[in-house]
Amino acid sequence: MNKLYIVLPVIVIIAIGVMGGIIYLHQQSLSVKPVTTTEFSTTTSTSTTTNAITTTVTQTVTSITSYNQLIYVTSSASSPTPVYLNNSTIPSFYLEVNMWNAKNYNGNYTMVFNPLTRTLSVSFNLTQVKPLEWTNGYPEIYVGRKPWDTAYAGNIFPMRIGNMTPFMVSFYINLTKLDPSINFDIASDAWIVRPQIAFSPGTAPGNGDIEIMVWLFSQNLQPAGEQVGKVVVPIYINHTLVNATFQVWEMKSVPWGGWEYIAFRPDGWKVTNGYVSYEPNLFIKALSNFTSYNITNYYLTDWEFGTEWGTMTSNGTAYFSWTVSNFSETLL
């Protein structure tokens, strides 16, 4: 009987201790910052001897995954913001507001990237934009390096055209607001340049280089130059393979830089919301039938995605919002 009287208080004390430990762990997990996910697991073992009861509480951290804070892009100039993921020392990609042709404006814009959901959110609400132009800006996300940049993002560029590895570009686009009076497109942009441009960071392109665009939608806007043909290129739209017809537009030498410009514009179809995936290699192969240059020894330095916007038909206003999620470029 005396042993029983001794054991019962010990059990009560230990039980209270175990509950306190569990409550403490629960409170600790609630205090974790919102940008960090931490999982705890506990195990309890009990052994009994003739004189005492031993209880062990073990805290095991099973996983700790940290996520970066939201990334706000604030500079309206053509200065890319690098995004580092998975503790990499090399940027995974760049973000850019890129209001390269808007000198003055009133209003506001936001460009925010969420590393957890891999979503870029863009919203513009501007008035009195000057000068009035067909294209005032191009908010975007991209991998690689524009000729003007000083470093590459990702690890797949530059690619020599003559032996380039096939790769797939994919993303989800969601156009949520659009003023019907503005000039606007949803498009990819990229640079096919001579070796001396590809391997000389910060060197502007010029006569002898090529800018290529792949459009998915346009409003009150057409590509520079004139239409020179049509091509059919297979692309995935909402996970369905479609043989899509594109108009081919070309300007031999753009007045704002001297390079050749070739754009692929949808012919009778559009995508403003949904999943899109395609192989840029197929567009570059089609481009080789229209360019005046032998591009075998040229290099593809990047692949960009964004929306060109302008104010020529909107009396200086620019109002639109969109998101793009899971933008990726994958070697095949």
Mean separation of Cα contacts under 8 Å (6+ apart) over length of segment 190-332, as relative contact order %: 27
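Remind me, what semi-axes does segment 71-331 give for its equivalent ellipsoid, largest first in whole Å, using sqrt of 5 times each Cα gyration tensor eigenvalue?
Values: eigenvalues 126, 93, 77 Å².
They are 25, 22, 20 Å, listed largest first.
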Segment 98-145: trypsin sites (Lys or Arg not before Pro) in DSSP loop, at most 14 other beta carbons within 10 Å: 103
Residues with amide H under 5 Å from that of residue 171, placed H, sequence gap 5 or more: 276
Net charge dipole size for segment 89-169 [Lys, Arg +1 and Asp, Glu -1 on Cβ; Debye, nearest 20]: 80
Scaled radius of gyration (Cα, divided by 2.2 N^0.38 Å) that segment 70-163 gives: 1.21
Segment 71-331: relative contact order in percent, alpha carbon pairs under 8 Å with at least 6 residues between: 29
Environment charge at residue 187 (Cβ cut-off 10 Å; Lys +1, Arg +1, Asp -1, Glu -1): -4
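By the scheme Lys and Arg +1, Asp and Glu -1, what is the net charge of all other residues having a beta-carbon under 14 Å from that of residue 312? Write down the numbers at each step before the final one.
Numbers: positive: 130; negative: 133, 179, 185, 308.
The answer is -3.
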Charge tally in the Cβ shell below 9 Å around residue 257, where Lys, Arg are +1 and Asp, Glu are -1, residue 257 excluded: -2
In order through segment 291-304: 3J(HN,Hα) via Karplus (6.51 cos²θ - 1.76 cosθ + 1.60), integer Hz, x for Gly, Pro: 6, 8, 9, 7, 9, 3, 9, 7, 10, 8, 9, 6, 9, 10
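Every number here is computed from the coordinates shown, using simple stated rules; none is lab data. All figures in this text were calculated on a predicted structure; none of them were measured in a lab. Using ideal geometry, Cβ is built from the backbone for each residue, glycine included, and neighbour counts are taken over all protein chains shown.
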